[in-house]
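The values are calculated or read from the model by the stated rules, or taken from the named source; none is laboratory data. Note that this is a predicted model, so its numbers are computed, not measured. Note that we place each Cβ from the backbone using ideal geometry, even for glycine, and neighbour counts take in every protein chain shown. The area values use the complete protein model at the heavy-atom level, side chains included, leaving out ligands, DNA and RNA. Shrake-Rupley method; radii C 1.70, N 1.55, O 1.52, S 1.80 Å.
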Amino acid sequence: MKRRTFLGGTVAASTVVAAPAVVSAQAAWPNRPVQVIVPWGAGGGTDYHARTMATLLEREFRNPFTVVQRTGGSGVVGHSAIAEAAPDGYTIGTVTVEIGMMHWAGLTKLTVADYAPISLLNLIPAGVQVAANSPWRTLKDMVDAVRANPGRHKSSGTGQGGIWHLAIAGLLNSMQIRPDAAPWVPSEGAASGLQDLVAGGVDIVPCAIAEASTLLRAGRVRSLAVMTASRVPAFPDVPTVKEAVGSDWTCESFLSLMAPKGTPADVVARLDAAVKKIMEGPEWKQAMDARGFGVNYMGAGQLQAFATRSNEAFGGVMRALGIART
Amino acid sequence: MIDGVFWTALALVFEPQTLMVGLAAAMFGLFVGAVPGLSATMAVALLIPVTFFMPPVPALVAVVMTTAMAIFAGDIPSVLLRIPGTPASAAYTDDAFAMTKRGQGELAMGICLVTSAIGGLFGAVVLVLLAPILADFAIRFSSFEYFWLVLLGLTCAVFVCHGNMIKGTVSLLLGLFIATIGLDPLAGFPRFTFEVRDLYSGLPFIATMVGMFAVSEILRTVTALGQPLEVVKHQFGNVFAGVWRVLRRYHWNMWRGNAIGTAIGILPGAGADIAAWISYSVGKRFSRTPETFGKGSEEGLVDAGAANNAAVAGAWVPALVFGIPGDSVTAIVIGMLFLKGLQPGPMIFDNSPVETTALFIAFFVANLALLPIGWLAIKASGYTLSIPRAYLMPIILLFCMVGSFAVNNDPFAILVMLVMGVVAFLMMENDIPIAPAILGMVLGDQLEKTFLTSLMKVDGEVSRLIERPIAAWLAAITVIIWAMMLWSAWRQWRAAKTRA
Amino acid sequence: MRFNNAVLGGLLLAGAIAIVVTASGFPNVPGQQFGPRHFPYLIAAGFGVCGALLVAQGLATRRATGEAWVRLGDWMTSPRHLLNVGVVLGAMLVYWWAAPVLGFIPTAFILLALMMRWLGAGWLGAVCVAAATTAMIHISFYSWLRVSLPLGLMRDVLYP
């Protein structure tokens, strides 16, 4: 009889299995491995944050935190997997800035409202990188050149309509230049975009300044500006956009830890507290310093408000660019 | 330069704890490499949390050991069961298994093992001696150069076909078509997905490959009439017997394979799998007996086997010098280097001399250790063949399902494996080769991306695709090879006509 | 199951048309000259050419040797071997459907035991080997490799 119920249908059966989970989760969470879903590839910035955090959370809770890659579909696959997991505290994931972009592009219906935010993992400020042999010494040189010859200078660093595409489009837009005046050449990510920059295939890569740190130190690329309100501590010589050309445009990617909506509040609170403790510790600082990332913490409530603001801002840029479909 | 730094590094590598870590990593690499579906990339990703609290040298030793072992171990199921353990073994699976059926399984194993070790050592020597210079060259490749290179690689597909040329092309096109499924690489528009979200990320490559090789092979076994579930029952004798003869005979193939493998490894975005394909097809092109390729050619095995492990070391060149990954394994390694306080960059050899020297030593140790450890693995795996098929086939099927699932933790991969297995089974029944389809899948995405992004950069003027010097050279080579192929095809046609 | 080349060619031509029809619905990308449809067009063209050539080849063979449009493989006339194919494909479908619900351990164990028995192993051997294999894969994949194999029914047993 019982067996028949289970085999009756996937939906019915999974409800049966999931129902007691919520109860037992509150009893003694965590008592089995917790999955940390990462929507982006192994080796990238998000993966780096997730693996470092998972390793430290594992020590904190004395319970395995397993990083699970769910890549592809421009982030849709992984973000959906997090939102659709059973909200029992045993599946969490890294939700990135794209959650406020994908739905504007019509790729998914998911928004930040479909998650229970835990805490911010980091803010990743965008920079404007050019090759070391580029004639542009300052951001003003570059902006003037793009203004004089719209369409001639190509930029790259992520997919079409990705975060860094919006960074450059928004910057140009704020300077009363057509947002597509530096046409976008899609790439798999910042690493391949930067390589193309050094190879002379494109002229501008507006990716995170931390992603360019190795080539910056090697003297192969130059960072003209960072798109933040104040200078980035790891790169004190690089001016802000405001200092360089007077525009108020800023662009920061964020990555955060979130759980499926409906995850018990006490589990979220315990995770948030653990993340806060880890971020204040030396290992996290050291891991972030190594790659030129900062340490930025926000709790659940702050993160919710921040992600909602980010969502609105990018919606505006995407409409200006004509790539918003909704 | 052999001074204090060298001895310090040597002592670090040969610390008992480091050696233990290395040995454990070797076992781990062998297991992951030999299970169809689990790849070297995944093995290294799994190592990250383990190495997090280790000092830099044992962590590096673990990664180097794991990858060297995994790439070799991928050959073991190829030889035994015609199922490549990792994508890097797919190019020569047919040859390896054909040798086993001829009763030359131990020779095939021996060739794979020894060429892997030599390839790894060759790559390591290049890494030690030429890393800064070669990285500087490789980093100059833009989408233009890659476009011509990929086109050159696809031309190779014609050489990996056996039999009917049209059917080989159909297989290649099928692979290219499969590569277009999912969000398109430029605009992120879903193509041929029919609103199925699982298809957005495209057909998972590993599941497709496992389906096309493993499932089709299982189907072939269970439908074989007359010989109810039997295979060659054959215990392995001396693995190294005869290898020396083969290597002496084909030493030129081996060095060429080493060089091709290292070069492809150094280029960002292409790794051991593409290296094996290209080396194999170059080998066939210049072979005196190209007709034996695909049917158990020792020569083809030498060509490809020498290339894939050489690529592993090559991939570290741009990773160390510019922080730009040479393949998917080093993409993960770069994160680990940062964590261990080793900043990739041209200065890495000056800033962290002990660690980089230890890394070089690790490469030599790993590839030398490959010989005894690989020998043991071959001996142990030989017993697989004496397991009755009634037990073996279900176990292989389960491993394939779990392995395909594990890549992206996605049950959909199992369905893909099933469908592609049936497709490949029908293709084999109709003499359509499978290898070109796999190559098409590997290169399809790259071809489209590099072609279209290059056109974007030159505002759509096709003639400007050859305005950069290296691109022009590559284009010239491609065109010359095409012309040669057309010329020889025309001559054959003429000869056939005069005979008739 | 072997098809005459003309049949294969016909299938390819149909496929080429289907690709072109589907791809023509792909949109242009704002600000870009080339879109998602161009590469599929090239592939469809290739399929078309190969399809036409195969049709010509197949018709020629048929005229010369009278080859049938479709020739069934020997195994298709043997119920035992047909069922073998059914068992292999069915096992994969069942695993795909049942593993997320029942969990890896029960699904893998039952499937392995049944398949081994079907392919000719004795009951005792099949059950023992299936149990050992399932346990080994669970330990190596779930515990060591950290692959999130579904726990299903076994969750409360393994993690009370």
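Here is a yes/no grid of residues against (1) at the interface with chain B (Cβ under 9 Å from one of its Cβ atoms); (2) of a type in the set (A, V, I, L, M):
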site: C:R2; (1), (2): yes, no
site: C:A23; (1), (2): yes, yes
site: C:P27; (1), (2): yes, no
site: C:G35; (1), (2): yes, no
site: C:P40; (1), (2): yes, no
site: C:Q57; (1), (2): yes, no
site: C:R62; (1), (2): no, no
site: C:L72; (1), (2): no, yes
Query raised in the report: Inside the stretch B:409-500, counting only helices (runs of 4 or more DSSP H) that do not spill past its ends, which hold 3 or more residues that are more than 25 Å from the chain's Cα centre (by Cα) and at negative phi?
Result: B:435-457, B:469-499
Report summary line: Given the conditions (1) among the basic types (K, R); (2) without any contact (Cβ under 8 Å) to a residue 12 or more places away in the chain; (3) under 27 Å from A:A191 (Cα atoms), every one holds for A:K242 apart from (2)
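Per-residue answers, yes or no, for (1) in a loop (DSSP other than H, G, I, E, B); (2) within 16 Å of B:N430 (Cα to Cα):
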| site | (1), (2) |
| --- | --- |
| C:P27 | yes, no |
| C:A52 | no, no |
| C:T61 | no, yes |
| C:A68 | yes, yes |
Report summary line: The correct count of residues that are among the polar types (S, T, N, Q), more than 15 Å from A:A212 (Cβ to Cβ) and buried (at least 20 other Cβ atoms within 10 Å of the Cβ) in the stretch A:134-168 is 1
Query raised in the report: Considering the stretch A:38-60 alone, what residues qualify as being facing chain B (nearest Cβ under 9 Å) and hydroxyl-bearing (S, T, Y)?
Result: A:Y48, A:T52, A:T55
Query raised in the report: Where in the stretch B:272-379 are there helices (runs of 4 or more DSSP H), lying wholly inside it, with at least 2 residues that are surrounded by 24 or more Cβ atoms within 10 Å (Cβ to Cβ)?
Result: B:272-286, B:298-314, B:316-322, B:328-339
Query raised in the report: Looking only at residues in the stretch A:173-213 that are within 11 Å of another protein chain (Cβ to nearest Cβ) and within 16 Å of A:D144 (Cα to Cα), which one is most open to solvent (accessible area, probe 1.4 Å)?
Result: A:R178
Report summary line: When (1) closer than 30 Å to C:I110 by Cβ; (2) under 25 Å from the mean Cα position of the chain (by Cα); (3) open to solvent by less than 10 Å² (accessible area, probe 1.4 Å) are applied to B:P394, the one that fails is (2)
Query raised in the report: Restricting attention to the stretch C:120-160, which residues are within 8 Å of another protein chain (Cβ to nearest Cβ), assigned to a helix (DSSP H, G or I) and open to solvent by 40 Å² or more (accessible area, probe 1.4 Å)?
Result: C:V129, C:L153, C:D156, C:L158
Query raised in the report: Which condition number does C:V7 fail, the rest of (1) facing another protein chain (nearest Cβ under 7 Å); (2) farther than 30 Å from C:P150 by Cα being met?
Result: (1)
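Somewhere in the stretch B:38-46, is a residue open to solvent by 50 Å² or more (accessible area, probe 1.4 Å), assigned by TED's automatic domain parsing to the domain that holds B:L81, under 20 Å from B:V79 (Cα atoms) and out of contact with any Lys or Arg (no Cβ under 7 Å at 6 or more places or on another chain)?
We begin by selecting, within the stretch B:38-46, every residue open to solvent by 50 Å² or more (accessible area, probe 1.4 Å); these are none.
Checked the stretch B:38-46: no residue is open to solvent by 50 Å² or more (accessible area, probe 1.4 Å), assigned by TED's automatic domain parsing to the domain that holds B:L81, under 20 Å from B:V79 (Cα atoms) and out of contact with any Lys or Arg (no Cβ under 7 Å at 6 or more places or on another chain).
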Query raised in the report: Looking at this structure, is A:L216 facing another protein chain (nearest Cβ under 9 Å) and under 25 Å from A:G41 (Cα atoms)?
Result: no
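Looking at B:M65, B:M20, B:M42, can you tell me which residue is touching a residue at least 24 places away in the same chain (Cβ under 8 Å) and more than 14 Å from chain A (Cβ to nearest Cβ)? Talk me through it step by step, then tell me what you get.
Values: B:M20 fails: touching a residue at least 24 places away in the same chain (Cβ under 8 Å); B:M42 fails: more than 14 Å from chain A (Cβ to nearest Cβ).
Residue meeting the stated conditions: B:M65.
Which helices (runs of 4 or more DSSP H) does the stretch B:135-222 wholly contain that include 3 or more residues that are in contact with a Leu (Cβ under 7 Å, 6 or more places away or on another chain) and within 30 Å of B:V317 (Cα to Cα)?
On the way: elements: B:143-160, B:165-180, B:205-210, B:216-222.
The qualifying helices (runs of 4 or more DSSP H) are B:143-160.
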Report summary line: Across (1) farther than 19 Å from B:D445 by Cβ; (2) more than 14 Å from chain C (Cβ to nearest Cβ); (3) at pLDDT below 90, A:G170 clears everything bar (3)
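Would you call A:A126 under 17 Å from the mean Cα position of the chain (by Cα) and not in a helix (DSSP H, G or I)? I'd like the intermediate steps shown before the answer.
On the way: under 17 Å from the mean Cα position of the chain (by Cα): yes; not in a helix (DSSP H, G or I): yes.
So A:A126 passes the test.
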Report summary line: Heads up, the helices (runs of 4 or more DSSP H) in the stretch A:237-307 (entirely inside) with at least 3 residues that are of a type in the set (G, A, S) are A:265-280
Report task. Say whether the condition of being more than 8 Å from chain B (Cβ to nearest Cβ) and touching a Lys or Arg at 6+ places or on another chain (Cβ under 9 Å) is met by at least one residue in the stretch C:102-119. Result -> yes
Query raised in the report: Among the residues of the stretch A:100-110, is there at least one that is within 11 Å of another protein chain (Cβ to nearest Cβ), among the hydrophobic types (A, V, I, L, M, F, W, C) and over 23 Å from A:I124 (Cα atoms)?
Result: yes
Query raised in the report: of a type outside the set (F, W, Y), touching a Ser or Thr at 6+ places or on another chain (Cβ under 9 Å) and open to solvent by 60 Å² or more (accessible area, probe 1.4 Å), is that true of B:V407?
Result: yes
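Take the residues in the stretch C:105-119 that are touching a Ser or Thr at 6+ places or on another chain (Cβ under 8 Å) and open to solvent by less than 30 Å² (accessible area, probe 1.4 Å); name whichever of them is farthest from B:I387 (Cα to Cα).
We begin by selecting, within the stretch C:105-119, every residue touching a Ser or Thr at 6+ places or on another chain (Cβ under 8 Å); these are C:105, C:108-109, C:112.
Next cut, open to solvent by less than 30 Å² (accessible area, probe 1.4 Å) only: C:108, C:112.
Values: C:A108: 19, C:L112: 15 Å.
Per the stated criteria, the residue is C:A108.
So that you can scan it fast, the table gives a plain yes or no per residue for (1) more than 14 Å from every other protein chain (Cβ to nearest Cβ); (2) closer than 24 Å to B:A275 by Cα; (3) buried (at least 23 other Cβ atoms within 10 Å of the Cβ):
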residue: B:G421; (1), (2), (3): no, no, yes
residue: B:A424; (1), (2), (3): no, yes, yes
residue: B:P436; (1), (2), (3): no, yes, yes
residue: B:L439; (1), (2), (3): yes, yes, yes
residue: B:L455; (1), (2), (3): no, no, no
residue: B:V458; (1), (2), (3): no, no, no
residue: B:T478; (1), (2), (3): yes, yes, no
residue: B:L486; (1), (2), (3): yes, no, no
**Report entry** Long-range neighbours under 7 Å by Cβ, at least six apart or interchain, first residue within 7 Å of chain B (Cβ to nearest Cβ) and over 17 Å from B:D184 (Cα atoms) within the stretch A:61-78, second outside any helix (DSSP H, G or I) and open to solvent by 40 Å² or more (accessible area, probe 1.4 Å)
**Finding:** A:V68/A:Q35
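Away from every other protein chain (no Cβ under 14 Å), closer than 28 Å to A:R62 by Cβ and either out of contact with any His (no Cβ under 8 Å at 6 or more places or on another chain) or surrounded by 14 or more Cβ atoms within 10 Å (Cβ to Cβ) (or both): which single residue out of A:S256, A:S230 fits that description?
Just a single option satisfies the conditions, and that option is A:S256.
I'd like the residue in the stretch C:51-80 that is polar (S, T, N, Q) and surrounded by 13 or more Cβ atoms within 10 Å (Cβ to Cβ) and, out of all such residues, is farthest from the chain's Cα centre (by Cα). Quick ask: steps written out before the conclusion?
Initial filter on the stretch C:51-80 (polar (S, T, N, Q)): C:57, C:61, C:65, C:77-78.
Next cut, surrounded by 13 or more Cβ atoms within 10 Å (Cβ to Cβ) only: C:57, C:61, C:78.
Numbers: C:Q57: 28, C:T61: 30, C:S78: 22 Å.
Here the answer is C:T61.
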Query raised in the report: Quick one: would you say B:G37 is in a loop (DSSP other than H, G, I, E, B), of a type in the set (G, A, S), under 26 Å from B:S404 (Cβ atoms) and away from chain A (no Cβ under 14 Å)?
Result: yes
Report summary line: Picked from the stretch B:344-363 (must be among the hydrophobic types (A, V, I, L, M, F, W, C) and within 14 Å of chain A (Cβ to nearest Cβ)), the residue farthest from B:V57 (Cα to Cα) is B:M347
